[in-house]
Structure formats: structure tokens, C-alpha cells
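The values are calculated or read from the model by the stated rules, or taken from the named source; none is laboratory data. In this text, all values refer to a predicted model and were calculated from it rather than measured experimentally. Counting neighbours? That spans all protein chains shown, and the Cβs are built from the backbone with ideal geometry, glycine included. Surface areas here come from the heavy atoms of the whole protein model, side chains and all, with no ligands, DNA or RNA. Shrake-Rupley method; radii C 1.70, N 1.55, O 1.52, S 1.80 Å.
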Amino acid sequence: MLVRLMYASRATEAVNTEALSAILRKCTANNPAAGVTGVLCFSGSIFLQVLEGGRSQVSALYNKITRDPRHRDVVLLNYEEISERSFAGWAMGQVNMSRLNPALLLKYSEAAVLDPYSVSGAVSMAMFKELVATASVMGQA
Ligand SMILES: Cc1cc2nc3c(=O)[nH]c(=O)nc-3n(C[C@H](O)[C@H](O)[C@H](O)COP(=O)(O)O)c2cc1C
């Protein structure tokens with residue numbers, strides 16, 4: 001039983017490159033054993049993450065992530081049972097913000113900024129899928 005979950009959150013402290021790398025290293029270390037894949041986007045001070053995998057594995061990981069003091073205001077944006085993964089290629093892919101075309105953000109929102117708190121979950125999911133389709137997601141080195 002596969003599920004896909006998406007949430008948004010706000011970083012509690014300045015998340016610099018090193019802090020982000022530490023999170024991604026943890027994803028690479030833990031997610032394959034749990035059969036979890038997904039994509040993490042960090043822009044401004046906002047995280048947007050998609051998790052895919054077995055229902056109990058995704059649920060357990062989400063519960064752990066929501067308790068992480070590095071972020072707050074965790075909002076569940078989308079949860080669905082799926083027949084196949086859309087983000088199977090990464091233990092945790094990272095959106096390459098330097099390749100993010102502002103026109104893509106504008107396509108889905110009122111301003112060219114990433115603000116999942118002001119758009120529907122369906123819109124954020126559509127944007128994520130387009131990011132993958134346009135090769136704006138990279139793997140963890
Ligand atoms: C925005 C964000 C996303 C995270 N994503 C993951 C993840 O996909 N997988 C993971 O194992 N930990 C993730 N973490 C870290 C977890 O909250 C937690 O610190 C970690 O899983 C603990 O791992 P451990 O039990 O091996 O020490 C994330 C943390 C944050 C702040």
C-alpha cells in the first residue's frame with residue numbers, strides 16, 4: 001500500500017547550506033532502508049516536502065519530522081493512496097532553486113515566490129511534478 005504525503009513548514013533558524021546538507025544526509029541515510037522516496041524544496045524560510053512509500057513507513061517518518069525543532073508550523077497539504085510513485089528517483093531529491101524558473105512559480109501562484117501556505121495542496125503538487133519534469137530536481141551527492 002503506497003501513499004504520498006506533502007507538507008509545508010517554516011524553518012525555525014536560518015537554515016544555511018550546511019544545515020540543509022545535514023538534513024539531506026539524514027534522508028539519504030534513513031530513507032532507502034524504509035523504502036521512502038521524495039523531494040525536498042527549501043526557499044526563503046519555507047520547506048516543502050513530498051514523501052512517498054509504504055503507508056506505515058511514511059506515517060512514522062512524518063510523525064518524526066513534525067517533532068523536529070528545526071521547523072515549525074507544519075501543515076499537511078496533501079495525503080493520498082497511490083498506485084505508483086511520482087518521485088521514485090530519489091531517497092530525497094532537492095529542488096535546484098537556481099534552476100527554478102520564476103515563470104513556473106507565477107504559473108501556479110499570485111507572485112513569483114514559493115508560498116505553499118497561500119495556495120492549495122493540489123497546486124503545490126502540480127508545481128512539484130512540473131519541477132521534476134523540467135529536471136529542476138537533483139539528487140544528493
Ligand atoms: C524539513 C525536514 C525534512 C526532513 N526529512 C527527513 C527525511 O526525509 N528522512 C529522515 O530520515 N529524516 C528527515 N528529517 C530529519 C528528521 O526530523 C529526524 O531528525 C531524523 O529522521 C532522525 O533520524 P535518526 O532517528 O536516524 O536520528 C527531516 C527534517 C526536516 C527539518
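The residues listed here are Leu100, Leu104; of these, the one that is touching a helix residue (DSSP H, G or I) at 6+ places or on another chain (Cβ under 7 Å), open to solvent by less than 70 Å² (accessible area, probe 1.4 Å), away from the ligand (no atom under 15 Å from the Cβ) and at pLDDT below 90 is Leu104.
State whether the residues of the range 111-130 include one that is under 14 Å from the mean Cα position of the chain (by Cα), among the charged types (D, E, K, R) and open to solvent by 60 Å² or more (accessible area, probe 1.4 Å). The answer is yes; a qualifying residue exists.
So if I check each of Thr134, Thr66, which one is under 17 Å from Val3 (Cβ atoms) and hydroxyl-bearing (Ser, Thr, Tyr)? Full working, then the answer.
Numbers: Thr134 fails: under 17 Å from Val3 (Cβ atoms).
Testing whether each residue is under 17 Å from Val3 (Cβ atoms) and hydroxyl-bearing (Ser, Thr, Tyr) leaves just Thr66.
Just one residue in the set Thr17, Thr37 is β-branched (Val, Ile, Thr) and more than 13 Å from the ligand (Cβ to nearest atom); that residue is Thr17. Looking at this structure, is Val75 outside any helix (DSSP H, G or I) and either closer than 20 Å to Ser136 by Cα or not β-branched (Val, Ile, Thr) (or both)? No: the conditions fail for Val75.
Among the residues of the range 84-106, those that are in contact (Cβ under 8 Å) with a residue 12 or more places away in the chain and either over 17 Å from Gly139 (Cβ atoms) or among the small types (Gly, Ala, Ser) (or both) comprise Glu84, Ser86, Ala88, Gly89, Ala91, Gly93, Asn101, Leu104, Leu105. Is it the case that Ser86 is open to solvent by 30 Å² or more (accessible area, probe 1.4 Å), of a type in the set (Ser, Thr, Tyr), more than 12 Å from the ligand (Cβ to nearest atom) and part of a helix (DSSP H, G or I)? Criteria not met by Ser86.
Every residue, every condition in (1) part of a strand (DSSP E or B); (2) open to solvent by 20 Å² or more (accessible area, probe 1.4 Å); (3) more than 10 Å from the ligand (Cβ to nearest atom); (4) in contact with a helix residue (DSSP H, G or I) (Cβ under 8 Å, 6 or more places away or on another chain), yes or no:
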site: Tyr7; (1), (2), (3), (4): yes, no, no, yes
site: Ser21; (1), (2), (3), (4): no, yes, yes, no
site: Cys27; (1), (2), (3), (4): no, no, no, no
site: Phe47; (1), (2), (3), (4): yes, no, no, no
